[in-house]
Amino acid sequence: MAFAIVACHEDDDRPDFSLELSQLSALRDSSLQVDDSAIRSRIARLMRADKDSAFSDFQARAYYAARRPYLWIDRLGTDSRADSLQSFLADVRKMGFSEERFRVGQIASDLQRLRSLDFSGEGNDVNSVLARLEYHLTKAYMNYAAGQGFGFVNPRKVLNHFDVKDSDSLHVEYHRLYDVPLRTADKSFYEQAVRKVAADSVGPFLRSLQPRHPFYHRLLAMLADSSTPAADRPKILCNLERCRWRLDDQPYEHKKYVLVNIPSYRLYAVDGDSVMSMRVGCGTFKTKTPLITSRISRMDINPQWVIPRSIIEKDIVRHVGDRSYFERRHYFVRNRRTGKNVDLEKVTWSMLMDKNYLVIQEGGAGNSLGRIIFRFENNFSVFLHDTSSPAFFSRDDRGVSHGCVRVQNPFDLAVFLLQDKDDKLIDRINYSMHADVSRLGSNNRRPPSADDEEGFVELPDTLDRSRLISSHHLDPEVPLFLTYYTLFEDPRGEFHRCADVYGYDRVIYANLKSYLNQ
């Protein structure tokens, strides 16, 4: 079949006036022919050779295993979407990551080959180049988007499978250490990422995923600073990673909040530009304080301490029969089912080993919780509280508790938490924290209440009952953050370098290693 190319002037002498398609066959170059089946075959080969094991890597492989449409290539090559992604990938080295992990060099080389039509050399035919570009762009895109948006390490998975609680030949049980609500890159996120490529929104999408933590860019600057010692890089990288985690709540989203940074053993009570700081004691290495986001809802003055089972079984049970041991420590035993206290002479070893019996320490001076406790909802029965043994506050290493946070200036914290600084209420809190309430719980009884069947114990004449307060609910509740940063910029803007007291940097760094420049 012939077709005619007609000039504007019919009398022009045109040698191509009658030209057949067969005459153009000599211009064909088989090396430039795009073949869908060849591209798919080469992508499948890349997938089989890919041993990277992040969730984003599995998602990239799953996308092509399902033979879904190409994201970056067509018969015309690639367009500006690949350039948008490439501009973000150019920064991975500044983040301390390996360009090879994100295939930066290979992507740049293949884009150059495609745009210059240079398909010379073994394994560089047009279909191989297009296959590599399609697969590597998707893989790098999903890795970068998920990592910058949510973190390259999932703290819930890593930290909750870190500290062994119990193990045998069949199973391992771990202490739960991380209970902060956070968002992760799930399958719906990867579907959203695919749609953003199709809609030519790669740049805006990746910009929206950049970490918003105020400390992130300061850490990046430290990483880029040539004067930063090489030994500091792991600590910087671990804290950069913490800044990427997409938490449901963050301190900087509030005007008023309480923050405890465990490695620095300090508490910060922040209300706008006002910052109060105090020392704290946290859990030991064996009994770590968990990471929690919650809200302080109540403060109890002269609280009783319900002693944990671990302490009963390890220390207290061996003193069964020694009444003076219990009395000196103001301990009493209660039947949980009946609510009745048990005569110390009748307490047995089997009772204390039975979870239906509680060992409780009376409130007041000498109580292990001190004179006030600050309660907040959590899954660990840990709280902020005063202490009866404040000498440890002078130490640098203040890992001293079974998981709770002991505060140095509890009365100041109580006043801070109040929305309405009512002088009368403040006076009652102060009076109750210093009053001699020992006779309220004498004879191994709980502090008397309206439904106490045995009636009230007479109070000392010097005790002003009208000024006593046992509890106060906070309205509004105050956000609380128990955090773990080994490089830390406090709410005053002061920089702190802290020891990795629980070893979390070590496990985070180990999980980052596949991304790092080694």
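Considering only residues of the range 100-123 that are within 30 Å of GLN210 (Cα to Cα) and in contact (Cβ under 8 Å) with a residue 40 or more places away in the chain, which is least open to solvent (accessible area, probe 1.4 Å)?
It comes out as PHE102.
Could you list, in sequence order, all residues of the range 260-269 that are aliphatic (A, V, I, L, M) and either in contact with a helix residue (DSSP H, G or I) (Cβ under 7 Å, 6 or more places away or on another chain) or part of a loop (DSSP other than H, G, I, E, B) (or both)?
Within the range 260-269, ALA269 is the sole residue that qualifies.
Quick grid of which residues meet (1) modelled with pLDDT of 95 or more; (2) assigned to a loop (DSSP other than H, G, I, E, B); (3) over 19 Å from SER201 (Cα atoms):
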site	(1), (2), (3)
SER53	no, yes, yes
GLN59	yes, no, yes
TYR64	yes, no, yes
TYR70	yes, yes, no
ASP83	yes, no, no
PHE88	yes, no, no
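Restricting the range 278-320 to residues that are under 20 Å from the mean Cα position of the chain (by Cα) and among the basic types (Lys, Arg), which is surrounded by the fewest Cβ atoms within 10 Å (Cβ to Cβ)?
ARG295
Can you name the residue in the range 481-518 that is part of a helix (DSSP H, G or I) and without any contact (Cβ under 8 Å) to a residue 40 or more places away in the chain and, of all such residues, is nearest to ASN261 (Cα to Cα)?
Residue satisfying both the conditions and the ranking: ARG506.
Which count do you get for residues in the range 478-498 that are more than 19 Å from LEU291 (Cα to Cα) and either acidic (Asp, Glu) or crowded, with 17+ Cβ neighbours inside 10 Å (or both)?
Of the residues in that region, 1 qualify.
For the range 129-138, indicate whether the set of residues that are at positive phi and either open to solvent by 30 Å² or more (accessible area, probe 1.4 Å) or in contact (Cβ under 8 Å) with a residue 60 or more places away in the chain (or both) is non-empty.
Looking for residues that are at positive phi and either open to solvent by 30 Å² or more (accessible area, probe 1.4 Å) or in contact (Cβ under 8 Å) with a residue 60 or more places away in the chain (or both), one finds none in the range 129-138, hence no.
Test of understanding: among ARG295, ARG337, which residue is part of a loop (DSSP other than H, G, I, E, B) and either closer than 23 Å to VAL400 by Cα or of a type outside the set (Phe, Trp, Tyr) (or both)?
Of ARG295, ARG337, the one residue that is part of a loop (DSSP other than H, G, I, E, B) and either closer than 23 Å to VAL400 by Cα or of a type outside the set (Phe, Trp, Tyr) (or both) is ARG337.
Of all residues being among the polar types (S, T, N, Q) and either within 30 Å of VAL382 (Cβ to Cβ) or free of Cβ contacts under 8 Å to residues at least 40 places away in the same chain (or both) in the range 143-188, which is least open to solvent (accessible area, probe 1.4 Å)? Just the residue, please.
ASN160
I'd like the full set of residues that are in contact with a Lys or Arg (Cβ under 8 Å, 6 or more places away or on another chain), of a type outside the set (Asp, Glu) and in a loop (DSSP other than H, G, I, E, B), limited to the range 367-380.
GLY370, ASN379, PHE380
Which numbered condition in (1) of a type in the set (D, E, K, R); (2) touching a Leu at 6+ places or on another chain (Cβ under 7 Å); (3) surrounded by fewer than 13 Cβ atoms within 10 Å (Cβ to Cβ) is the only one that ASP225 fails?
Status for ASP225: all satisfied but (2).
Taking the stated definitions as given, is SER389 at positive phi, open to solvent by 50 Å² or more (accessible area, probe 1.4 Å) and at pLDDT below 95?
no
Name the residue that is most open to solvent (accessible area, probe 1.4 Å), counting only residues in the range 336-357 that are within 19 Å of ILE311 (Cβ to Cβ), of a type outside the set (A, V, I, L, M, F, W, C) and without any contact (Cβ under 8 Å) to a residue 24 or more places away in the chain.
ARG336
Specify the residue that is farthest from the chain's Cα centre (by Cα); the eligible residues are those in the range 145-178 that are modelled with pLDDT of 95 or more and among the polar types (S, T, N, Q).
Out of the qualifying residues, it is GLN148.
It is to be established whether one or more residues within the range 161-176 are touching a helix residue (DSSP H, G or I) at 6+ places or on another chain (Cβ under 8 Å) and either part of a strand (DSSP E or B) or closer than 25 Å to SER310 by Cα (or both).
Checked against the condition, which is being touching a helix residue (DSSP H, G or I) at 6+ places or on another chain (Cβ under 8 Å) and either part of a strand (DSSP E or B) or closer than 25 Å to SER310 by Cα (or both), the range 161-176 yields at least one hit.
The values are calculated or read from the model by the stated rules, or taken from the named source; none is laboratory data. Here the structure is a predicted model, which means the values were calculated and not measured. Virtual Cβ from ideal backbone geometry, glycine too; neighbours counted across all protein chains shown. Only protein heavy atoms, including side chains, enter the accessible area calculation; ligands, DNA and RNA are left aside. Shrake-Rupley method; radii C 1.70, N 1.55, O 1.52, S 1.80 Å.
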